[in-house]
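Student: Sending over a structure as structure tokens; questions will come in a sec.
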Amino acid sequence: MSGDILDIFVEAIRQRHGYRVIALDMSEVPLTMEAFLLATAENRIHARAIADHVEEIAKMNGFRKHHIEGYDEGSWILIDYVDLVVHIFLPETREYYNLEMLWSDVPSIKYDDTEELPDDDSSHAEE
């Protein structure tokens, strides 16, 4: 999956203060998606705010959501964009399911939580 595509989604997550963002390269695994993008939220309201913003930015950039799961409950929100699946967890849910360990044999990218975000909140909207 293109780093530019991942950057759009990572930026959207970070604009709503999601943290511990990790991309897992699933392209060599016999699944249908190319990447998982994992992020952590502080609470259910925060998780939904991240999910809403990811959906908004994805739509602005021409990505079509296949489906979403877990939004109402909010401890693990999964947004499926077919080639990319975004997982937004509460800390305890992320630790319990530990997808990083489950898929520890695939290449991953850990994004720096301290990196400065651009001032512009438009997130790569294509003209």
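The values are calculated or read from the model by the stated rules, or taken from the named source; none is laboratory data. A quick note: this is a predicted structure, and the numbers were derived from the prediction, not measured. No Cβ is skipped: glycine too gets one built from the backbone with ideal geometry, and neighbour counts run over all protein chains shown.
To keep it simple, each residue is scored yes or no on (1) of a type in the set (S, T, Y); (2) assigned to a loop (DSSP other than H, G, I, E, B); (3) touching a residue at least 40 places away in the same chain (Cβ under 8 Å).
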site: F9; (1), (2), (3): no, no, yes
site: I13; (1), (2), (3): no, no, yes
site: S27; (1), (2), (3): yes, yes, no
site: L37; (1), (2), (3): no, no, yes
site: I50; (1), (2), (3): no, no, no
site: K65; (1), (2), (3): no, yes, no
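Student: Within region 37-56, can one find any residue that is modelled with pLDDT of 95 or more, among the hydrophobic types (A, V, I, L, M, F, W, C) and surrounded by fewer than 19 Cβ atoms within 10 Å (Cβ to Cβ)? Before you say what the answer is, go through the steps one by one.
Tutor: Step one: list which residues in region 37-56 are modelled with pLDDT of 95 or more, which gives 37-56.
The next check asks that each one be among the hydrophobic types (A, V, I, L, M, F, W, C); those that pass are 37-39, 41, 45, 47, 49-51, 54.
Right, trim to surrounded by fewer than 19 Cβ atoms within 10 Å (Cβ to Cβ) and you get 45, 49.
The answer is yes; a qualifying residue exists.
Student: A further question on this structure: Go through region 83-100 and give me each residue that's assigned to a loop (DSSP other than H, G, I, E, B) and either exposed (fewer than 14 other Cβ atoms within 10 Å of the Cβ) or touching a helix residue (DSSP H, G or I) at 6+ places or on another chain (Cβ under 8 Å) (or both).
Tutor: L90, N98
Student: Give the residues of region 57-82 that are of a type in the set (G, A, S), within 19 Å of V10 (Cβ to Cβ) and surrounded by 13 or more Cβ atoms within 10 Å (Cβ to Cβ), sorted by residue number. Give the derivation first.
Tutor: Our first condition is that a residue be of a type in the set (G, A, S); within region 57-82, this holds for 58, 62, 70, 74-75.
Retained after the next criterion (residues that are within 19 Å of V10 (Cβ to Cβ)): 58, 62.
Within region 57-82, just A58 meets the criteria.
Student: Can I ask one more? Going by the structure shown, is E34 surrounded by 15 or more Cβ atoms within 10 Å (Cβ to Cβ), of a type in the set (D, E) and in contact with an Asp or Glu (Cβ under 9 Å, 6 or more places away or on another chain)? Walk me through it before giving the result.
Tutor: Numbers: surrounded by 15 or more Cβ atoms within 10 Å (Cβ to Cβ): yes; of a type in the set (D, E): yes; in contact with an Asp or Glu (Cβ under 9 Å, 6 or more places away or on another chain): yes.
Yes.
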